[in-house]
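Participant: Quick one: the structure is below, questions incoming.
The values are calculated or read from the model by the stated rules, or taken from the named source; none is laboratory data. Since this is a predicted model, take the numbers as computed values, not measurements. In this analysis, Cβ positions are derived from the backbone assuming ideal geometry, glycine residues included, and neighbour counts consider all displayed protein chains. Just so you know, the surface numbers come from the protein's heavy atoms only, side chains and all, with ligands and any DNA or RNA stripped out. Shrake-Rupley method; radii C 1.70, N 1.55, O 1.52, S 1.80 Å.
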Amino acid sequence: MVPFELPEFYVPHPARLNPNLERAREHSKAWAYEMDMVDASQNGAVIWYECDFDAHDYALLCAYTHPDATGPDLDLVTDWYVWVFYFDDHFLELYKRTHDLTGAQEYIDRLREFMPTDGAITQTPTNPVERGLADLWTRTVPARSADWRCRFAASTGNLLDESLWELSNINENRIADPVEYIEMRRKVGGAPWSANLIEHAVAAEVPAEIAATRPMQVLRDTFADGVHLRNDLFSYQREVEEEGELSNGVLVFERFLGCGTQEAADIVNNLLTSRLHQFEHTTFTELPPLVEEHGLDVAARAAVMAYVKGLQDWQSGGHEWHLRSSRYMNGGAKAGTGALGGPTGLGTAGARIGSALVSTAPQRLRSFTHIPYQVVGRLQRPDFYMPYSTRCSPHLSAARRHIVEWAGQIGMLDPVPGIWDEHKLRAYDFPLCSAGIHPDATADQLNLTTGWLTWGTYGDDYYPVIFGRTGDLAAAKACTRRLSEFMPVESAVIPVPVNALERGLADLWSRTAGPMAVSARRMFRGAIEDMTGSWLWELANQRQNRIPDPIDYIEMRRKTFGSDLTMSLCRLAAGPTVPPAIYQTRPMRALEHAAADYACLLNDVFSYQKEIQFEGEIHNCVLVVQNFFDCDRERAVGVVNDLMTSRMRQFEHVVAIELPALCDSFNLDADARGAVRGYAEELQNWLAGILRWHQGTRRYEEAELRHHPAAGTPPFGGPTGRGISAAHRGWIRSSDGLGVANR
């Protein structure tokens, strides 16, 4: 009996079949036998028999996902997929079933020896996985650039490493929350690895100068999420019911929402659809400006489009293969899901695409039809889970006096452009946040932290007023580029600042970055640029009146909130005894992401009325959840609070379990271990301090929301321009019934 009925999938592109399929089938079986993957015992167990290999039909997968590949390229790509599926089953049999974490770590460590980015392989393979990887690496990387090799080595390494994460969760009987799961599934699921192979198959590499940009990362990540969420739906029965796996999206949502399997499956399918919509949106709205800004030549542009088309082909072809492979539950597909569940044969793909477009249209339209400035009132706040407390700096009073003086000198309180006045700055009380985040800071350190919090919030308020009202994205981009010039890494030369935003950044940068090493300065600058760049993303969405996709929102919210910026200040307190490589490890990134998500979601709950009613905003997780689940705000707040709790639980898990193990794996001495613990404690103070500030600031009180420094105007971000007089009058009526907007 199947655990749920497969939903109707959104598959917007027809799958095509490579004519070299039979050649690839013959080649891949011969290769698998040569590598001892078929009918060969491994530690007393046969991983695949020939009948298993034939039924899985990996050549069919590759023929569908790479329909235009040449015969030799299809052979090579198919061998890669045979290898990766064999690795998955081999790892399951030898390590997951036996819960052998130590042996698994040694096994993964050795595999790294077979994928050098430069030079020859020096190790001798001892099992089919090593033998296959050595052969494939040697046949693939000579034809690729150094940039591609590094990216492919990283994605292959992630795929291997995160198998250990899955095994650790099995050993602890731990199911990830949705955010952690999506992030980790990208690595262990292997779709970014598949995206690298697409470049090889279409003979067109992503230009190195744009490979790390947001649009290209979003295309890769949405592709990965689509592939993985689809696989989770088809593989639930095998993975969860037969193999005891815990890494499956349907199971994750079952446990997180406390719902039935069918409802969880439908939610996963809606999330899959949302990710594909995001892929399309990025392709049509973010990719064209990207290639223009980087001045890519005709060949580079053609390579980018070939890559995007390759991602689309893989998505559709992968779906078609899931409907046919014996690995998966595919007998109950609804009409419209593919060849087994709907019309088949020549000319029927268009009918299935039309059905998919119609069925998902309401979900797409909801994202663009939000009515801004609705009167929502104060949100009923839940009881937040906060296991930590913090102390208050003795320098709080002095910091409160200093920030008013500093902001006045910088020009943040000037009547033009009128973003803030002294009343608002005092009401916001950023020193209260700093005093909890850094209770042991000196007076100067507390002033510096307060300055950064003030500057970041001023910038976040500045962009909607100066650029949001006019919709002038070009001016916003020019402003953002100029801000980078006030953060020199290797020199002290900067332009003459012309406004408060530039003057504040120039001053804070000189006081913060001066003592840093060049490498630390570069990372700190990157954190600030991520934040300022994310403000452009918000402006673009606001201009389109588009509520973000849930996953894109969570990942961008960390940047709009300035999480990396303030965490970088915490890192400074950790001192130089923590090896820089520690901060790049999965446990440390998981710790930081969990903390950032909790803080961002907390802010969204407190700021809901301010953003939705007074600013006409769409960037609030309560609204994002309302839109995704098509539910009321009470349910949405409950989901957001549950997600906050789960993110905090993950933070606690990393601190208690994963950080000690990380210190052991790096053989850190006592000083370095103490510094790692100290950094975790800084983040605990950061979390508790942010909650204390939200409970103490007047920034989100309705009385303050009605006060604006420029008389006769609505709150910043409010409706302006042609055709908005009715909206403005509605805002005045909703504020207090007296027609006085600025009380």
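Participant: Return yes or no: is ALA517 at pLDDT below 95, of a type outside the set (Phe, Trp, Tyr) and open to solvent by 10 Å² or more (accessible area, probe 1.4 Å)? Break it down into steps so the answer makes sense when it comes.
Facilitator: Numbers: at pLDDT below 95: yes; of a type outside the set (Phe, Trp, Tyr): yes; open to solvent by 10 Å² or more (accessible area, probe 1.4 Å): yes.
Against the criterion (at pLDDT below 95, of a type outside the set (Phe, Trp, Tyr) and open to solvent by 10 Å² or more (accessible area, probe 1.4 Å)), ALA517 qualifies.
Participant: Give the residues of segment 193-215 that are farther than 16 Å from HIS281 by Cβ, charged (D, E, K, R) and open to solvent by 20 Å² or more (accessible area, probe 1.4 Å), sorted by residue number.
Facilitator: Start the filter on segment 193-215 by keeping residues that are farther than 16 Å from HIS281 by Cβ, which leaves 193-212.
Of the ones still in play, those that are also charged (D, E, K, R) are 199, 205, 209.
Matches in segment 193-215: GLU205, GLU209.
Participant: Could you list, in sequence order, the residues of segment 609-634 that are open to solvent by less than 20 Å² (accessible area, probe 1.4 Å) and not in a helix (DSSP H, G or I)?
Facilitator: Those that are open to solvent by less than 20 Å² (accessible area, probe 1.4 Å) and not in a helix (DSSP H, G or I): GLY616, ILE618, HIS619, ASN620.
Participant: Based on this model, can you work out whether PHE561 counts as under 26 Å from LEU453 (Cβ atoms), open to solvent by 10 Å² or more (accessible area, probe 1.4 Å) and in contact with a Phe, Trp or Tyr (Cβ under 6 Å, 6 or more places away or on another chain)?
Facilitator: No, not satisfied.
Participant: When segment 524-582 is examined, which residues are found to be β-branched (Val, Ile, Thr) and within 18 Å of the chain's Cα centre (by Cα)?
Facilitator: Within segment 524-582, ILE528, THR532, ILE547, ILE551, ILE554, THR560 meet the criteria.
Participant: Among VAL188, VAL218, VAL268, which is the only one that is under 20 Å from TYR328 (Cα atoms), at pLDDT 95 or above and open to solvent by less than 30 Å² (accessible area, probe 1.4 Å)?
Facilitator: Numbers: VAL188 fails: at pLDDT 95 or above; VAL218 fails: under 20 Å from TYR328 (Cα atoms).
From the options VAL188, VAL218, VAL268, the qualifying one is VAL268.
Participant: List every residue pair whose Cβ atoms sit under 8 Å apart, with the two residues 6 or more apart in sequence or on different chains, where the first one lies in segment 37-57 and is free of Cβ contacts under 8 Å to residues at least 40 places away in the same chain and the second, anywhere, is of a type in the set (Ser, Thr, Tyr).
Facilitator: Once the first residue is free of Cβ contacts under 8 Å to residues at least 40 places away in the same chain and sits in segment 37-57, its partners that are of a type in the set (Ser, Thr, Tyr) give VAL38/TYR49; ASP39/TYR33; ASP39/TYR49.
Participant: Give, as residue ranges, the helices (runs of 4 or more DSSP H) completely inside segment 17-71 that count at least 3 residues that are over 18 Å from LEU197 (Cβ atoms) and within 37 Å of the chain's Cα centre (by Cα).
Facilitator: Numbers: elements: 21-34, 50-56, 58-65.
Because the criterion is at least 3 residues that are over 18 Å from LEU197 (Cβ atoms) and within 37 Å of the chain's Cα centre (by Cα), the helices (runs of 4 or more DSSP H) in segment 17-71 that meet it are 50-56.
Participant: Looking at segment 640-684, which of its residues are farther than 24 Å from ASN620 by Cβ and acidic (Asp, Glu)?
Facilitator: Result: GLU652, GLU658, ASP664, ASP669, ASP671, GLU681, GLU682.
Participant: Which residue out of THR70, THR65 is open to solvent by less than 20 Å² (accessible area, probe 1.4 Å) and of a type in the set (Ser, Thr, Tyr)?
Facilitator: Details: THR70 fails: open to solvent by less than 20 Å² (accessible area, probe 1.4 Å).
The conditions single out THR65.
Participant: When the residues of segment 385-401 are narrowed to those that are farther than 14 Å from ASP440 by Cβ and over 37 Å from the mean Cα position of the chain (by Cα), which ends up most open to solvent (accessible area, probe 1.4 Å)?
Facilitator: Only one residue tops the list, namely ARG401.
Participant: Next question, about the same structure. For PHE628, are the conditions met, namely being more than 30 Å from ASN667 (Cβ to Cβ), touching a His at 6+ places or on another chain (Cβ under 9 Å) and modelled with pLDDT of 90 or more? Give the derivation first.
Facilitator: Numbers: more than 30 Å from ASN667 (Cβ to Cβ): yes; touching a His at 6+ places or on another chain (Cβ under 9 Å): no; modelled with pLDDT of 90 or more: yes.
For PHE628, the condition - more than 30 Å from ASN667 (Cβ to Cβ), touching a His at 6+ places or on another chain (Cβ under 9 Å) and modelled with pLDDT of 90 or more - is not met.
Participant: Limited to segment 664-679, what total is found for residues that are surrounded by fewer than 18 Cβ atoms within 10 Å (Cβ to Cβ) and either within 28 Å of ASN173 (Cα to Cα) or in contact with a Phe, Trp or Tyr (Cβ under 8 Å, 6 or more places away or on another chain) (or both)? Talk me through it step by step, then tell me what you get.
Facilitator: Filtering segment 664-679 for residues surrounded by fewer than 18 Cβ atoms within 10 Å (Cβ to Cβ) gives 664-667, 669-671, 674, 677-678.
Now narrow it down to the ones that are either within 28 Å of ASN173 (Cα to Cα) or in contact with a Phe, Trp or Tyr (Cβ under 8 Å, 6 or more places away or on another chain) (or both): 664-667, 677.
Residues in segment 664-679 being surrounded by fewer than 18 Cβ atoms within 10 Å (Cβ to Cβ) and either within 28 Å of ASN173 (Cα to Cα) or in contact with a Phe, Trp or Tyr (Cβ under 8 Å, 6 or more places away or on another chain) (or both): 5 in total.
Listed here are the residues, each with its yes/no results for (1) over 18 Å from ILE690 (Cβ atoms); (2) touching an Asp or Glu at 6+ places or on another chain (Cβ under 8 Å).
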residue: SER393; (1), (2): no, yes
residue: SER397; (1), (2): yes, no
residue: ARG401; (1), (2): yes, no
residue: HIS423; (1), (2): yes, no
residue: SER434; (1), (2): no, no
residue: ALA443; (1), (2): yes, no
residue: GLY451; (1), (2): no, yes
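Participant: Can you tell me which of ASN18, ASN43 is buried (at least 20 other Cβ atoms within 10 Å of the Cβ) and out of contact with any Phe, Trp or Tyr (no Cβ under 6 Å at 6 or more places or on another chain)? Reasoning before the result, please.
Facilitator: Values: ASN43 fails: buried (at least 20 other Cβ atoms within 10 Å of the Cβ).
Only one candidate qualifies: ASN18.
Participant: If you check THR348 against the conditions, is it surrounded by fewer than 16 Cβ atoms within 10 Å (Cβ to Cβ), modelled with pLDDT of 85 or more and polar (S, T, N, Q)? It would help to see each step written out before you state the result.
Facilitator: Working: surrounded by fewer than 16 Cβ atoms within 10 Å (Cβ to Cβ): yes; modelled with pLDDT of 85 or more: no; polar (S, T, N, Q): yes.
So THR348 fails the test.
Participant: Is it the case that some residue within segment 642-652 is at pLDDT below 90 and not in a loop (DSSP other than H, G, I, E, B)? Before you say what the answer is, go through the steps one by one.
Facilitator: Kept after step one, since they are at pLDDT below 90, are these residues of segment 642-652: none.
No - not one qualifying residue is present in segment 642-652.
Participant: Moving on. Those residues that are without any contact (Cβ under 8 Å) to a residue 24 or more places away in the chain and within 22 Å of ARG131 (Cβ to Cβ), I need them from segment 1-36; list them, please.
Facilitator: GLU26, ALA30, TYR33, GLU34
Participant: List every residue pair whose Cβ atoms sit under 6 Å apart, with the two residues 6 or more apart in sequence or on different chains, where the first one lies in segment 358-376 and is surrounded by 11 or more Cβ atoms within 10 Å (Cβ to Cβ) and the second, anywhere, is among the aliphatic types (A, V, I, L, M) and not in a loop (DSSP other than H, G, I, E, B).
Facilitator: TYR373/ALA727; VAL376/ILE612
Participant: Right, here's the next one. With touching a Gly at 6+ places or on another chain (Cβ under 9 Å), open to solvent by 10 Å² or more (accessible area, probe 1.4 Å) and among the basic types (Lys, Arg) as the only criterion, which of ARG139, ARG112 stands out? Explain how you work it out, then say what you get.
Facilitator: Working: ARG139 fails: touching a Gly at 6+ places or on another chain (Cβ under 9 Å).
Checking each option against the conditions leaves just ARG112.
Participant: What residue, among those in segment 414-426 that are under 14 Å from THR457 (Cα atoms) and without any contact (Cβ under 8 Å) to a residue 40 or more places away in the chain, is most open to solvent (accessible area, probe 1.4 Å)?
Facilitator: Among those that are under 14 Å from THR457 (Cα atoms) and without any contact (Cβ under 8 Å) to a residue 40 or more places away in the chain, it is ARG426.
Participant: Within the bounds of segment 88-104, is there any residue that is within 20 Å of PRO192 (Cα to Cα) and open to solvent by 10 Å² or more (accessible area, probe 1.4 Å)?
Facilitator: yes
Participant: List the pairs whose first member sits in segment 553-574 and is at pLDDT below 90, whose second member is of a type in the set (Phe, Trp, Tyr) and surrounded by fewer than 21 Cβ atoms within 10 Å (Cβ to Cβ), and whose Cβ atoms are under 8 Å apart, counting only residues at least 6 apart or on separate chains?
Facilitator: The qualifying pairs are ARG571/TYR583.
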